[in-house]
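> Submitted below is the structure of interest, expressed as structure tokens.
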Amino acid sequence: MAKQLTRNEVPEHEKWNLQHIYPNHELWEKDFKKLAKLIKVLKTYNDNINSAKDLYAYLLLDEEAEELYSRLAIYSKLKGDEDTSLTEAQELSSRIRELGVSYSSATSFFNPLLLSWEKEKLNTYINEEPRLDYFKKDLYESFKYKPHVLSKEKSELLSELSESLAAPGLAFKALNTTDLKFGTVKDENGEEIELTHGRARKLLESTNREVRKETFFAYHGAYKKMKTTFASLLSSNIKNNVKVSRLKKYPSALEKSLFSDEVPLSVYENLIKATREHAKDLDRYMSIRKQVMGLDELHGYDTGVPLVENNSFNLTFDEAYELMLKGLAPLGEDYLNVLKQAREERWIDVRETENKQTGAYKYGPYSDYEGKVVHPYVLLNHQDNLDSAFTLVHEMGHALHSYYSNQTQPKNQASYVIFVAEVASTVNEVLLMKYLLNSTEDKNVKRYLLNHYIDQFRGTLFTQVMFAEFEKITHEMAQDGVPLTVESFSKVYEQLYRDYNGETLVLDEEIKYGWSRIPHFYTPFYVYKYATGFSAANAIVKSILEEGEPAVKRYLEFLKTGGSDYPIELLKITGVDLSTTKPVEDALSLFKELVDEFEELMLEKK
């Protein structure tokens with residue numbers, strides 16, 4: 001029986017080098033002790049900020065503490081995600097989490113204090129102390145939260161409860177990555193193999209329907225068996241979010257999530273409305289899929305297999321990296337050189353190994369142990385196929401966004417919000433797809449790529465909007481006091497799955513429990529940003545390929561902006577305005593065109 005690799009079996013050049021953050025454990029401990037001392041000093045400022053100089057001293061100290069905390073916590077997470085079963089890494093994460101609670105508690109007085117002042121008082125302080133100009137944007141930004149800031153006592157209490165409020169998400173992660181077992185299945189060669197998250201994705205692409213079917217029911221069946229536990233966790237997470245939103249006097253949990261980015265509620269609602277209106281195009285694609293596969297019934301386990309066979313896209317990691325460099329060439333030499341640097345300096349952890357965190361992400365602190373700006377890190381679970389190549393391209397989009405932002409912006413403006421983050425990653429994906437489509441005259445390859453692009457559209461736009469509507473509905477249920485149970489979650493999810501995917505797809509019972517396996521539901525109202533990002537990215541790529549250097553210059557300028565303005569304003573630098581429906585409507589129109597072209601090529605084949 002084939003087993004997963006252990007970490008020791010992976011070559012060094014395919015493992016990230018976390019020594020760029022901390023060369024040894026002693027330096028982590030040194031920063032930990034330093035942060036503990038800073039927290040004690042920060043606490044003394046409670047009721048003791050009485051002048052401009054006091055304010056500046058506090059803010060400077062808090063920024064240093066925040067940078068330390070971020071570095072310690074991120075390093076601990078990265079180390080722990082290499083192997084989620086290692087107690088040493090868990091202990092580091094637990095210790096920094098506990099210290100984080102102390103840090104949050106020690107500084108919880110500040111926002112209520114700041115917002116108890118009149119704006120004139122803050123203006124006076126800034127005029128008296130020129131060094132406060134560095135913090136001016138953040139200080140003024142805080143004033144918009146004035147209607148939603150808790151009293152000092154309530155704020156301190158909420159800080160103390162932060163670890164408890166995070167418990168459902170932490171428990172889901174532990175279950176999903178370590179405790180949940182999927183058993184064994186037979187692969188295409190009839191060999192018994194242990195099923196994992198990564199292998200399930202690959203096996204569901206198999207041309208052998210029995211392999212797909214067995215994988216589908218084994219994988220989804222594991223969640224179905226634990227549906228009550230997962231319902232309890234998700235229910236608690238949603239209720240926590242609703243309670244905190246209500247406590248802070250937001251109209252709804254959704255509006256709370258949109259508030260900080262100043263994204264109008266209409267953007268979220270119009271995204272759902274527009275996508276629903278184009279669901280018929282996805283149903284048409286499902287009908288084409290059913291016809292091409294020659295099936296009497298199309299099931300969930302039939303939706304992942306490529307409709308066109310093409311063996312040229314079995315890609316090793318090195319081949320995927322070279323393909324990425326070719327596909328992203330329109331972004332210029334500087335961008336490509338940073339990508340090469342990332343591979344040479346080992347920013348990336350490549351292989352799926354025992355107990356490694358599933359999925360893929362970009363993460364990293366602003367600075368290293370010496371306070372110097374440090375590069376970001378990328379976690380992958382590479383499977384040597386085209387999907388994994390696109391995942392690499394996606395995550396490196398995030399990585400270079402952070403790289404450019406950190407190199408350009410000061411600490412307090414370097415971090416960009418998720419809303420724009422998904423633009424950078426998806427620009428890379430779309431550029432790669434355009435490169436692949438334009439670099440072949442082989443109609444069969446074009447069919448294969450169009451199939452892949454359409455499936456990417458389905459996963460990044462249609463599915464994510466479906467998830468977004470699920471979050472909206474279930475949070476509204478919690479707000480209205482409707483019980484959140486296995487039955488209610490499943491009823492909502494099943495109906496949405498039908499609405500978005502159409503009547504062609506036959507729904508097996510396991511489909512309705514799909515809500516139980518989505519990690520992003522523990523970070524509420526996150527997923528819609530994939531869809532807005534995908535829409536913006538398609539518009540940006542169109543301008544880059546049509547205009548060339550001027551559009552590239554605008555895009556690189558955007559990557560360097562970090563969090564220096566609100567996301568919709570930053571995107572306007574690229575020429576995309578997401579406050580209008582045009583980018584989303586254009587993306588959905590493109591989807592229809594892709595389905596039309598694909599259908600024509602497939603009929604021509606027949």
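The values are calculated or read from the model by the stated rules, or taken from the named source; none is laboratory data. Just so you know, these numbers come straight off a predicted model, no measurement behind them. Please note: Cβ atoms are built from the backbone with ideal geometry, for glycine as well, and neighbour counts cover all protein chains shown.
> Do you know which residues across segment 194-214 are at pLDDT below 95 and among the β-branched types (Val, Ile, Thr)?
Thr196, Thr207
> Just checking, does segment 144-154 include any residue being touching a Pro at 6+ places or on another chain (Cβ under 6 Å) and not assigned by TED's automatic domain parsing to the domain that holds Phe259?
Step one: of segment 144-154, the residues touching a Pro at 6+ places or on another chain (Cβ under 6 Å) are 149, 152.
Next cut, not assigned by TED's automatic domain parsing to the domain that holds Phe259 only: 149, 152.
Within segment 144-154, one or more residues are touching a Pro at 6+ places or on another chain (Cβ under 6 Å) and not assigned by TED's automatic domain parsing to the domain that holds Phe259.
> Leu233: in contact with a Pro (Cβ under 8 Å, 6 or more places away or on another chain), surrounded by 17 or more Cβ atoms within 10 Å (Cβ to Cβ) and over 30 Å from Lys146 (Cα atoms), yes or no? If you could, list the steps in order and put the result at the bottom.
Working: in contact with a Pro (Cβ under 8 Å, 6 or more places away or on another chain): yes; surrounded by 17 or more Cβ atoms within 10 Å (Cβ to Cβ): yes; over 30 Å from Lys146 (Cα atoms): yes.
Against the criterion (in contact with a Pro (Cβ under 8 Å, 6 or more places away or on another chain), surrounded by 17 or more Cβ atoms within 10 Å (Cβ to Cβ) and over 30 Å from Lys146 (Cα atoms)), Leu233 qualifies.
> Are there any pairs with C-beta distances below 7 angstrom linking a residue in segment 17-31 that is assigned to a loop (DSSP other than H, G, I, E, B) to a residue that is aromatic (Phe, Trp, Tyr), with the two at least 6 apart or on different chains, and if so which?
Every condition considered, the pairs that remain are Ile21/Tyr75; Ile21/Tyr369; Tyr22/Trp28; Tyr22/Tyr75; Tyr22/Tyr369.
> Being under 12 Å from the mean Cα position of the chain (by Cα) and among the aliphatic types (A, V, I, L, M) is the filter here, so list the residues in segment 525-543 that pass it.
Taking segment 525-543 first, the residues under 12 Å from the mean Cα position of the chain (by Cα) are 525-531, 533.
Once the filter is applied, which keeps residues that are under 12 Å from the mean Cα position of the chain (by Cα) and among the aliphatic types (A, V, I, L, M), segment 525-543 yields Val527, Ala531.
> Tally time: how many residues in segment 447-482 are out of contact with any helix residue (DSSP H, G or I) (no Cβ under 8 Å at 6 or more places or on another chain) and in a loop (DSSP other than H, G, I, E, B)?
Qualifying residue count, segment 447-482: 2.
The rows are residues; the columns are (1) surrounded by fewer than 19 Cβ atoms within 10 Å (Cβ to Cβ); (2) farther than 18 Å from Leu450 by Cβ; (3) charged (D, E, K, R); (4) out of contact with any Asp or Glu (no Cβ under 6 Å at 6 or more places or on another chain).
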{"residue": "Ile540", "(1), (2), (3), (4)": "no, yes, no, yes"}
{"residue": "Gly562", "(1), (2), (3), (4)": "no, yes, no, yes"}
{"residue": "Gly575", "(1), (2), (3), (4)": "yes, yes, no, yes"}
{"residue": "Val584", "(1), (2), (3), (4)": "no, yes, no, yes"}
{"residue": "Glu600", "(1), (2), (3), (4)": "yes, no, yes, yes"}
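> Here are some residues: Leu437, Leu392. Which one is among the aliphatic types (A, V, I, L, M) and free of Cβ contacts under 8 Å to residues at least 60 places away in the same chain?
On the way: Leu392 fails: free of Cβ contacts under 8 Å to residues at least 60 places away in the same chain.
Matching residue, one of Leu437, Leu392: Leu437.
> Please determine, by comparing only the residues of segment 292-318 that are part of a helix (DSSP H, G or I) and touching a residue at least 40 places away in the same chain (Cβ under 8 Å), which one is surrounded by the most Cβ atoms within 10 Å (Cβ to Cβ). Steps first, please.
Initially, segment 292-318 is screened for residues part of a helix (DSSP H, G or I), giving 292-293, 300-302, 311-313, 317-318.
Subsequent filtering for residues that are touching a residue at least 40 places away in the same chain (Cβ under 8 Å) retains 292, 300-302, 312-313, 317.
Values: Val292: 18, Gly300: 21, Tyr301: 23, Asp302: 21, Ser312: 11, Phe313: 19, Phe317: 20.
Residue satisfying both the conditions and the ranking: Tyr301.
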